[in-house]
Amino acid sequence: MNERIKELAFQASENYDYHPEFAKKFAELIVKEMVDECAKVCVQHAGWTPDMIANQVKQHFGVEE
């Protein structure tokens, strides 16, 4: 697990127990799904800007800022 994933897992675990193996697998699954979603958006919407793609990925994962 790289350092950034460790940092994010620790940040997310402030109110939860931190289990390194769970965090590693969870991060791998999120990254895989994000790559799949980005590829799908790029194919379906070739003219989109990076911001538009980022917004679509956020919407896909239900992330609000």
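The values are calculated or read from the model by the stated rules, or taken from the named source; none is laboratory data. For clarity, every value in this text was computed on a predicted model and none was experimentally measured. Methodologically, a virtual Cβ is constructed for each residue, glycine included, from the backbone with ideal geometry; neighbour enumeration extends over all protein chains shown. Surface areas here come from the heavy atoms of the whole protein model, side chains and all, with no ligands, DNA or RNA. Shrake-Rupley method; radii C 1.70, N 1.55, O 1.52, S 1.80 Å.
Checking (1) 41, 22, 17; (2) 26, 21, 20; (3) 67, 24, 9 against the coordinates, the calculated Cα extents along the principal axes in Å falls under label (1). With a cut-off of 15 Å between beta carbons, the residues surrounding L29 carry a summed charge of -2, where Lys and Arg count +1 and Asp and Glu -1. Once the Cα-Cα distance is subtracted from the 0.36 nm per residue extended length, the K32 to V57 segment shows a gain of 7.8 nm. Rolling a 1.4 angstrom probe over the chain with all protein chains present gives an accessible area of which 58% lies on carbon and sulfur atoms.
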